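Contents: one structure, followed by commentary.
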Amino acid sequence: VSDLSGLIVGISSEASSRAEVSLEGKVDEFGLARLSGTVAPASASQYTDLKASFRNLEMRNLTPYSGKFAGRKIESGKLSLELEYKVLERKLKGENQIVIDNLKLGERVESKDATSLPLDLAIALLSDSKGVIDLGLPVQGSLDDPQFSMGGLVWKAITNLLTKIVTAPFRALLGGSGEEFEAVLFEPGEARLLPPEREKLAKLATALEKRPQLKLAIEGRFDRERDREALADNILKLEVSKRAGMKPPGANEPLVISFTDSKVQAALDELAASAGDDAAKLRAQYLPPAGNALTGLLQGARERLTEKGRSEAADARGKYYPELFRLLRGKQQVPDIAYATLAGFRAEAIRNTLTAVNKFDAARVSVAAPQPAKTSQPDQVATTLALSVK
């Protein structure tokens, strides 16, 4: 601060005296500094009530501080501060309103005191669409604390804020809990986006539009436990429908087979050979084999010619073929490529919804290689999202 001028009225050595302060000065070439309020000249640690304003400060000149505490030079940016500090009986309480315009960090600086936090991500999350960071930062402490340091107090508050931001970036971006936006949920074996997840992506796209420096990575996920049964179900149904001569389903159509369809039953009978003794035991449980050719003919005639026989036979088949399908599904092999493909489809469904439906910039969306799910709910598999800086 230079060219400081103004008034301090009421200076006295009396302990109970109060002085009114009104000062103004210049910071560097185009910055402004103002100080106003009340202070006890003889005992400032007992009573101080001051407000300070700093406007249009060139942040490049703060590189000695950013190098020490952040480990980075400051390439450009403007800083304005509205500070209010009160001391009462050696207890300090401060409010810092900080506005930073288009902050750009430069090269790294070696410093043992520097934070290891991803500052570029934090800045991108804090900056609005115009590159402005506007945040409030309260501090408090006791002047009797042996470790008391004004700079240390402020930097601790800044570090705590940045830590919260980078460890919960979606909360910083969207407010509230934010955690719900860290993953998109799919039903096991499915790559179809449900309506609640589409709404989530619409909100995410809107929030990202206001943070132009952020990129989104989609991490396609699969769950070998939860996806296995659904994938095995689809693989087996495709094979049954193929053998039964059914028309293949469309791109977004579910595959449904009827266990009362004679062609489906015949296809399952063909596949039962692969299940060996287990399938034979299951058939014997529901459809006991005839003892010889004659009794077989009599049994067949009874099933065809009497209403009761037809009903009992239909009932037995209605129970047997769903059970046979479940048996075959449990033995169905699911190749690794099926899991990876499913995860890829899930990631593409998210990307297409963001870019085609919500018109989000495709250049800001990337898809990572398929990976096993980190966490899943009993009936859903989570495909995760991650934020980074352009």
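The values are calculated or read from the model by the stated rules, or taken from the named source; none is laboratory data. Since the structure is predicted, the reported quantities are computational estimates derived from the model, not experimental observations. For neighbour counting, all protein chains shown are included, and Cβ atoms are generated from backbone atoms with ideal geometry for every residue, glycine included. We work out accessible area using only protein heavy atoms, side chains counted, and drop any ligands, DNA or RNA first. Shrake-Rupley method; radii C 1.70, N 1.55, O 1.52, S 1.80 Å.
Structure above, values below:
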{"quantity": "Of residues in the stretch 126-155 being of a type in the set (Asp, Glu) and within 18 Å of residue 97 (Cα to Cα), the one surrounded by the fewest Cβ atoms within 10 Å (Cβ to Cβ)", "calculated": "128"}
{"quantity": "The listed residue being of a type in the set (D, E, K, R), closer than 18 Å to residue 67 by Cα and either in contact with a Lys or Arg (Cβ under 7 Å, 6 or more places away or on another chain) or without any contact (Cβ under 8 Å) to a residue 60 or more places away in the chain (or both), out of 101, 144, 113", "calculated": "113"}
{"quantity": "Complete set of residues in the stretch 146-192 that are among the polar types (S, T, N, Q), over 30 Å from residue 227 (Cβ atoms) and in a loop (DSSP other than H, G, I, E, B)", "calculated": "147, 149"}
{"quantity": "Counted residues, the stretch 181-208 - those being among the charged types (D, E, K, R) and out of contact with any Ser or Thr (no Cβ under 9 Å at 6 or more places or on another chain)", "calculated": "6"}
{"quantity": "Meets criteria (modelled with pLDDT of 90 or more, buried (at least 17 other Cβ atoms within 10 Å of the Cβ) and assigned to a helix (DSSP H, G or I)) for residue 356", "calculated": "no"}
{"quantity": "Qualifying residue in the stretch 329-343 (condition: touching a residue at least 60 places away in the same chain (Cβ under 8 Å) and within 18 Å of the chain's Cα centre (by Cα))", "calculated": "yes"}
{"quantity": "Cross-chain or 6+ apart pairs with Cβ under 7 Å, the stretch 240-259 first and modelled with pLDDT of 85 or more, then open to solvent by 100 Å² or more (accessible area, probe 1.4 Å)", "calculated": "243/270; 244/263; 245/263"}
{"quantity": "Hey, residue 196 in a loop (DSSP other than H, G, I, E, B) and open to solvent by 20 Å² or more (accessible area, probe 1.4 Å) or not", "calculated": "no"}
{"quantity": "Among the residues listed as 108, 60, 90, 34, the single one being modelled with pLDDT of 95 or more and open to solvent by 60 Å² or more (accessible area, probe 1.4 Å)", "calculated": "34"}
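Quick grid of which residues meet (1) modelled with pLDDT under 95; (2) aromatic (Phe, Trp, Tyr); (3) part of a helix (DSSP H, G or I):
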position	(1), (2), (3)
316	yes, no, yes
321	yes, yes, yes
325	yes, yes, yes
328	yes, no, yes
333	yes, no, no
348	no, no, yes
370	yes, no, no
374	yes, no, no
